[in-house]
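Student: Pasting a structure here, questions to come.
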Amino acid sequence: MKIAVQTNDRETVGENFGRARFFALYDTVSGEMTFLSNAENAEAAHGVGIQAAAAMAREGVETVLSYHVGPKAAEILERHGIGIFSLPRDRSPLTIREAIDLYLAR
């Protein structure tokens with residue numbers, strides 16, 4: 001399974017799904033983590049969540065871990081069968097690894 005986590009610094013979970021500079025892509029089978037740049041979309045005036053959601057679909061992501069995904073992006077994710085796991089805001093800032101561990105422990 002491939003999990004995506006939004007991040008600006010490649011260490012902690014970012015606050016905004018569509019405006020994240022990167023997405024950490026974690027493969028639960030291999031344990032490998034790679035980073036996908038979202039810099040182009042992060043600076044766009046409109047539609048950043050939709051573009052980020054489309055990128056998740058292209059990358060074969062099955063679940064997105066996020067503090068919040070906007071309604072338009074959530075609709076695109078849902079249309080592609082990508083689940084959204086809401087991270088607890090009271091634990092912010094979480095590291096990417098902490099977020100993944102929370103998801104896997106559910």
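Student: Determine the pairs where a residue that is surrounded by 15 or more Cβ atoms within 10 Å (Cβ to Cβ), located within the stretch 13-38, has a partner that is in a loop (DSSP other than H, G, I, E, B) and hydroxyl-bearing (Ser, Thr, Tyr) with Cβ atoms under 8 Å apart, the partner being 6 or more residues away or on another chain.
Tutor: From the stretch 13-38, the pairs are Val13/Tyr67; Val13/Ser92; Glu15/Tyr67; Glu15/Ser92.
Student: What do you reckon, is Thr34 farther than 21 Å from Arg106 by Cα, in contact with a strand residue (DSSP E or B) (Cβ under 6 Å, 6 or more places away or on another chain) and either among the hydroxyl-bearing types (Ser, Thr, Tyr) or modelled with pLDDT under 95 (or both)?
Tutor: Yes, satisfied.
Student: What number of residues in the stretch 13-45 are assigned to a loop (DSSP other than H, G, I, E, B), under 15 Å from Gly60 (Cβ atoms) and among the aromatic types (Phe, Trp, Tyr)?
Tutor: Total satisfying the criteria: 0.
Student: Specify which of the listed residues (Ala24, Ala39) is among the aliphatic types (A, V, I, L, M), out of contact with any helix residue (DSSP H, G or I) (no Cβ under 6 Å at 6 or more places or on another chain) and on the phi < 0 side of the Ramachandran plot.
Tutor: Criteria check complete, one pass: Ala39.
Student: Take the residues in the stretch 53-82 that are touching a Leu at 6+ places or on another chain (Cβ under 8 Å) and not aliphatic (A, V, I, L, M), then tell me which one is farthest from Thr28 (Cα to Cα).
Tutor: This residue is Tyr67.
The values are calculated or read from the model by the stated rules, or taken from the named source; none is laboratory data. This is a predicted model, so every value here is computed, not measured. Positions of Cβ are generated from backbone atoms using ideal geometry, with glycine treated the same way; all protein chains shown enter the neighbour counts.
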